[in-house]
1. Evaluate the following for PHE156: is it aromatic (Phe, Trp, Tyr), assigned to a helix (DSSP H, G or I), open to solvent by 20 Å² or more (accessible area, probe 1.4 Å) and without any contact (Cβ under 8 Å) to a residue 12 or more places away in the chain?
2. Cβ-Cβ under 8 Å, sequence separation 6+ or interchain: first residue in region 178-190 and touching a residue at least 40 places away in the same chain (Cβ under 8 Å), partner surrounded by fewer than 17 Cβ atoms within 10 Å (Cβ to Cβ) and hydrophobic (A, V, I, L, M, F, W, C). Which pairs?
3. Output the residue which, of all residues in region 49-81 that are in a loop (DSSP other than H, G, I, E, B) and open to solvent by 10 Å² or more (accessible area, probe 1.4 Å), is farthest from ALA23 (Cα to Cα).
4. Quick check: anything in region 312-332 open to solvent by less than 50 Å² (accessible area, probe 1.4 Å), of a type outside the set (Lys, Arg), under 19 Å from TRP384 (Cβ atoms) and not in a helix (DSSP H, G or I)?
5. For residues that are open to solvent by 10 Å² or more (accessible area, probe 1.4 Å) and touching a Phe, Trp or Tyr at 6+ places or on another chain (Cβ under 9 Å), tally how many sit in region 285-299.
6. Give me the residue from region 216-225 that is in a helix (DSSP H, G or I) and crowded, with 20+ Cβ neighbours inside 10 Å and, out of that set, modelled with the lowest pLDDT.
7. Just to be sure I understand the filter: pairs with C-beta atoms under 6 Å, separated by 6 or more residues or on different chains, first member in region 351-363 and in contact (Cβ under 8 Å) with a residue 60 or more places away in the chain, second member open to solvent by 60 Å² or more (accessible area, probe 1.4 Å). Which pairs pass?
Amino acid sequence: MNTQNTPVHVRLWHHDFWRMAIANFLLAMSVYILIPVLPVWMMERQGLSFYETGVSFGAFGIGLFLFGVFTSFLVQHYRRNLVCIWSIAGVIACIGLLFYIKRYYRQEDVFALLLLQRLLLGALFGLAQMILSSTLIIDTCESFQRTEANHSASWFSRFALSVGPMTGLILYPLTGFTSVLLASGGCALLAVILILLVHFPFRAPEDHVHTVSLDRFFLPNGFILFLNMLLITTAAGLLLSLPLGVHFYAMMMVGFLSAIMAQRFVYRQAELKSEVVSGLILIGAALLMMLTRSQAVVGYIAPLFVGFGLGIIGSRFLLFFIKLSRHCQRGTSQSTFILGWESGLAVGIGVGYAAFQQESAPVLVTSLILVVLALAMYQFTHKWFLTHKNR
């Protein structure tokens, strides 16, 4: 089935699904709110170098993979909602660790502790996201609505990529880093409350569940798609490493909204590969404008193009992962998508600080090269997907 859109079922949008979708948004928001602010605090207040700051952000991307192999075992042997809640509680604790570092820790030893904090934050956030997206959200809907549920809920976390940094940039100059941490921890706490409001019936664990497995973690037959998406999200992460203003993220949000509308009305009967191709072309055009033009209008058009491109690409790649999976691998496909999205952003931001020290021209050129490589690779990836899809 090569349709561009997923069907819309009004009955999907009941109270429990709304709670889980908003929890997904708030969990992502708790991490994304730190993207533009935490590096500034690390370098200006804690004395870290560009390299140390970049490595710390890259550690978050590594952390995402640490607990993944245990995901299936955890949700089979314990109440899945409680595992998610305790994971988010760990995210809150990691955010709280920044309060401790801010007030009491010796500056000469701070890099090691911040590195550990970012690694643990990535591990706990990744586990919470994988359980929330691959298990809890689809548990709130009927089986025939699950693709739509995954597709719709993913948009909430995608919007957090614009709303989170925008919130951090507004709070930091007005009330300082403490208020940013409170907002970050508050978002995670609200996500916990929303999950607690939803009843998940007990399910008896399956027999012979392996402690370590790829189930609900990584889809091996989606590796090529994973690599293609990793190129795109790394390019996006590089761009987000630059000192961008509130208006950039605001226009990015407009781009996300435009992408939702375009999926319903512009791409409805279009060729299947058109979304990813046009999305990459728009992101490439945005990077070229930022690299070669200085007019004020570029500050509005470029982020709109980036938001639009990331929106339709992320949405389409998610559906590709779902279609690559077998019936019992839906959760695994969700987790693989999350890993490709989040690790690419983390690596891109880390490289932007560590290798390029936020210098605009080399960051934009490297990001553009990655987008061109992703577009070239997608010509092969799309044909490969059509041959290997299972749905």
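1. The answer is no for PHE156.
2. If the second residue must be surrounded by fewer than 17 Cβ atoms within 10 Å (Cβ to Cβ) and hydrophobic (A, V, I, L, M, F, W, C), the pairs left are THR178/PHE99; LEU181/PHE99.
3. So the residue we want is SER49.
4. Within region 312-332, one or more residues are open to solvent by less than 50 Å² (accessible area, probe 1.4 Å), of a type outside the set (Lys, Arg), under 19 Å from TRP384 (Cβ atoms) and not in a helix (DSSP H, G or I).
5. Going through region 285-299 one residue at a time, the tally reaches 3.
6. Looking at the filtered set, the residue picked out is GLY222.
7. Sorted first by the residue in region 351-363, then by its partner, the pairs are TYR353/PHE50; ALA354/TYR51; GLN357/PHE50.
Residues checked against (1) among the aliphatic types (A, V, I, L, M); (2) at pLDDT below 95; (3) loosely packed, with under 15 Cβ neighbours inside 10 Å; (4) in a helix (DSSP H, G or I):
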position: LEU136; (1), (2), (3), (4): yes, yes, no, yes
position: HIS151; (1), (2), (3), (4): no, yes, no, yes
position: LEU171; (1), (2), (3), (4): yes, no, no, yes
position: ALA183; (1), (2), (3), (4): yes, no, no, yes
position: LEU189; (1), (2), (3), (4): yes, no, no, yes
position: ILE193; (1), (2), (3), (4): yes, no, yes, yes
position: ASP207; (1), (2), (3), (4): no, yes, yes, no
position: SER213; (1), (2), (3), (4): no, yes, no, no
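The values are calculated or read from the model by the stated rules, or taken from the named source; none is laboratory data. None of the values given here were measured: they were computed from a predicted structure. We place every Cβ from the backbone using ideal geometry, glycine too, and count neighbours over all the protein chains shown. To get the accessible areas, we keep the full protein, side chains included, count just its heavy atoms, and leave off ligands, DNA and RNA. Shrake-Rupley method; radii C 1.70, N 1.55, O 1.52, S 1.80 Å.
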